[in-house]
Amino acid sequence: MPRDPNPYQELLHAELGRRAVETRYVGELTASRTLNLLLLPVELIALRMRGWRLLHVHWLFHFDLRAGLPIPGIRRLAALWFSLVLAVCRLAGIRVVWTA
């Protein structure tokens with residue numbers, strides 16, 4: 001996550017597919033970026049229950065809630081939400097890989 005035009009992710013997905021590893025993007029359940037971000041913990045738990053074990057995070061911009069707006073406290077809220085998503089992963093037994 002998130003889907004990005006950077007060719008690295010598609011190359012990674014292609015190589016994993018060549019090795020018979022099933023991959024998919026998360027955070028794309030609806031057309032709303034905000035709703036997808038709010039649903040992410042539930043989506044991750046549901047995927048874990050179906051056997052998924054790994055979350056690959058390539059960029060963190062997906063967790064930036066500011067959307068160009070100078071809202072007081074929004075950066076802190078975004079950091080807390082990211083921490084919550086990581087905690088959900090930890091509790092659910094989902095390993096997180098972050099590439100940059």
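The values are calculated or read from the model by the stated rules, or taken from the named source; none is laboratory data. Predicted model only: the values in this text are computed from it and were never measured. Cβ sites come from the backbone with ideal geometry, for glycine too, and all protein chains shown count toward neighbours. When the accessible area is computed, the model is the full protein with side chains, heavy atoms only, and any ligands, DNA or RNA have been set aside. Shrake-Rupley method; radii C 1.70, N 1.55, O 1.52, S 1.80 Å.
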Next item on the list: Examine the stretch 66-75 for a residue that is outside any loop (DSSP other than H, G, I, E, B), open to solvent by 80 Å² or more (accessible area, probe 1.4 Å) and either modelled with pLDDT under 95 or among the aromatic types (Phe, Trp, Tyr) (or both), and state whether such a residue exists.
Entry: yes
Next item on the list: Quick one: in the stretch 43-98, of everything that is farther than 20 Å from Glu28 by Cα and β-branched (Val, Ile, Thr), which residue is nearest to the chain's Cα centre (by Cα)?
Entry: Ile74
Check: Would you say Ile94 is open to solvent by less than 40 Å² (accessible area, probe 1.4 Å) and at pLDDT 95 or above?
Finding: yes
Next item on the list: May I ask you to verify whether Leu11 is open to solvent by 50 Å² or more (accessible area, probe 1.4 Å), free of Cβ contacts under 8 Å to residues at least 12 places away in the same chain and over 10 Å from the mean Cα position of the chain (by Cα)?
Entry: yes
Checklist line | Index of the failed condition, Arg33 passing every other in (1) within 14 Å of the chain's Cα centre (by Cα); (2) open to solvent by less than 80 Å² (accessible area, probe 1.4 Å) | finding: (2)
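Residue by residue, here is whether (1) open to solvent by less than 90 Å² (accessible area, probe 1.4 Å); (2) at pLDDT below 90; (3) part of a loop (DSSP other than H, G, I, E, B); (4) closer than 25 Å to Leu80 by Cβ holds:
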| residue | (1), (2), (3), (4) |
| --- | --- |
| Leu16 | yes, no, no, no |
| Val21 | yes, no, yes, no |
| Tyr25 | yes, no, yes, yes |
| Leu29 | no, no, yes, yes |
| Leu39 | yes, no, no, yes |
| Ile45 | yes, no, no, yes |
| Gly51 | yes, no, yes, no |
| His56 | yes, no, no, yes |
